[in-house]
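Colleague: Let me give you the structure first, and then I'll get to my questions.
The values are calculated or read from the model by the stated rules, or taken from the named source; none is laboratory data. This structure is a prediction, so every number in the text was calculated from the model and none was measured. Glycine also receives a Cβ, built like all others from the backbone with ideal geometry; neighbour counts cover every protein chain displayed.
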Amino acid sequence: MRKLILIFLITSYQISLPQISRLPRDPNQFAGGLGLSWIDGEPYYLFNLSPDIAFGNFGVGIDLNLRINKEGSIRKEDFNSFSDYLSLIKYIRYGFKHDPVYVRVGGLDRALLGQGNIVYYYNNRASYDNRKIGIELDLDFDMFGFESIYGDLSGKGICGLRAYTRPLKFTTAGDIPIIGDLETGATFATDLNDYSGVTNAFIDPVTKKLSASEDEGSISIIGLDAVLPLLRTKLFNIDLYSNYTKILRFGDGATIGLGFYLSGLGILSADLRFERWFNGDQFIPRYFNQFYEVQRFIADSSQGFISSKALTLKNTKSFGNSYYGELVIDILNLVQIFGSYSRYDKVANSGTLRLETNFSPKDASFVLRGYYDKFNLEDEKDIFKLDDRSIVTVEFGYKPLSYVLVSMIYQWTYTPKRDSDENVIGYSPQKRIEPRISFIFPFEFGKETDRRR
């Protein structure tokens with residue numbers, strides 16, 4: 001571990017994260033429509049209302065979906081908890097990530113702290129039937145600032161804080177190009193959920209109630225990171241970065257990487273990152289990631305066994321180091337493509353893949369957008385198999401008129417398993433297919449300036 005600490009002290013940086021994770025921007029439009037939903041083979045009539053309103057730095061999005069079965073009743077799972085009503089708020093935001101002031105309340109489908117060594121694209125709505133409402137709050141005062149997240153305002157969930165400073169800005173050295181932007185940060189994140197540390201439990205096969213017999217307590221993680229820009233030009237940036245991360249009561253690890261950013265004069269822009277992860281025993285990098293909500297705890301009452309991320313962490317031995325690559329491409333501000341991949345050196349089925357695209361030009365007659373996440377990938381053939389390791393959302397459609405969109409939405413997500421007290425004790429895959437006819441009426445409050453990179 002001395003080598004890991006040495007790597008952190010010698011080469012430290014936190015790169016600006018790719019913009020695809022913040023696309024598409026919130027449009028000013030009032031949208032609604034009718035359609036059908038097939039959820040695990042069951043048909044429902046669908047009424048949708050989803051306005052998105054942006055004025056100045058403020059943005060608001062609502063997502064109301066009424067699904068009515070053949071008997072004329074609203075689908076119970078859509079409105080069986082207080083959080084279901086809160087989740088009608090898709091988002092309320094001020095600013096954007098990396099702005100001096102950024103606040104977002106609602107769905108946190110791509111939340112992160114710093115360079116993502118602890119909280120990485122965390123998704124509090126991986127299960128449609130157990131959507132949560134969370135909050136992000138970031139303030140940047142130039143010389144110092146912080147980023148924060150709380151994943152579930154209606155209950156116990158993930159919370160985290162990263163504080164950072166640009167120390168040379170307190171001195172005359174802060175005026176030196178490139179090195180004056182040196183940034184260092186510290187992060188603390190924990191999961192307050194009652195099941196976050198459960199590694200063994202008894203499940204009553206009749207009542208499905210769960211009693212924890214082994215519990216490690218809340219999983220808490222601390223980390224250090226820093227920033228060293230190597231090159232800054234109008235067309236090309238290079239950054240060197242690393243971090244050190246410790247899971248309290250468990251293991252630790254470190255990261256070293258290079259980031260490249262190319263700006264192609266509005267024609268082509270690209271972000272490329274390559275990282276090497278140095279992992280100790282009982283350590284999982286990017287612990288609170290996009291799959292965390294469904295990996296936290298899974299109980300099978302019929303078989304009487306459990307699976308949990310804390311148990312995986314406890315049993316993680318000699319997985320070895322790993323690598324990570326990420327590429328973001330933006331072509332003519334019309335097509336955005338994001339891809340990332342990581343894998344342990346010594347474990348064949350340890351790949352984690354994320355793909356995302358948005359191809360919906362403003363005046364085009366078609367729409368194509370979606371994202372795909374999968375973990376424990378074994379080989380290339382495994383990419384095309386949807387199972388309990390996958391999250392998919394895809395929408396493609398055609399506009400016969402400028403204000404009419406005929407589209408198909410396909411989702412592979414998760415539905416919660418509950419005990420007799422309605423506590424969520426696990427998840428199982430769920431397939432949704434929704435053909436829709438939507439009516440979209442754009443409007444403007446005034447022009448905005450996009451201050452993001």
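Colleague: Could you list all residues from the range 317-331 that are at pLDDT 90 or above and part of a loop (DSSP other than H, G, I, E, B)?
Modeller: Correct list: N321 only.
Colleague: Determine, yes or no, whether D181 is more than 30 Å from K314 (Cβ to Cβ), surrounded by fewer than 20 Cβ atoms within 10 Å (Cβ to Cβ), among the charged types (D, E, K, R) and in contact with a Lys or Arg (Cβ under 7 Å, 6 or more places away or on another chain).
Modeller: yes
Colleague: Scan R286, R273, R232 and give me the residue that is on the phi > 0 side of the Ramachandran plot, touching a residue at least 12 places away in the same chain (Cβ under 8 Å) and not acidic (D, E).
Modeller: Being on the phi > 0 side of the Ramachandran plot, touching a residue at least 12 places away in the same chain (Cβ under 8 Å) and not acidic (D, E) holds for just one of R286, R273, R232, which is R286.
Colleague: Across the range 225-237, which residue is farthest from S307 (Cα to Cα) among those that are among the hydrophobic types (A, V, I, L, M, F, W, C) and either touching a helix residue (DSSP H, G or I) at 6+ places or on another chain (Cβ under 6 Å) or surrounded by fewer than 18 Cβ atoms within 10 Å (Cβ to Cβ) (or both)?
Modeller: Checked the range 225-237; the qualifying residue farthest from S307 (Cα to Cα) is L235.
Colleague: Would you say I92 is without any contact (Cβ under 8 Å) to a residue 60 or more places away in the chain, out of contact with any Cys (no Cβ under 7 Å at 6 or more places or on another chain), farther than 18 Å from G155 by Cα and of a type in the set (A, V, I, L, M)?
Modeller: In short, yes.
Colleague: Quick check on this structure: which one of L168, L112, L192 is out of contact with any strand residue (DSSP E or B) (no Cβ under 6 Å at 6 or more places or on another chain), under 22 Å from T312 (Cβ atoms) and aliphatic (A, V, I, L, M)?
Modeller: L192
Colleague: Among the residues of the range 331-373, write down those that are touching a helix residue (DSSP H, G or I) at 6+ places or on another chain (Cβ under 7 Å) and charged (D, E, K, R).
Modeller: E356
Colleague: Moving on to the next point. So if I check each of I247, I222, which one is within 22 Å of F146 (Cβ to Cβ), surrounded by fewer than 19 Cβ atoms within 10 Å (Cβ to Cβ) and under 22 Å from the mean Cα position of the chain (by Cα)?
Modeller: I222
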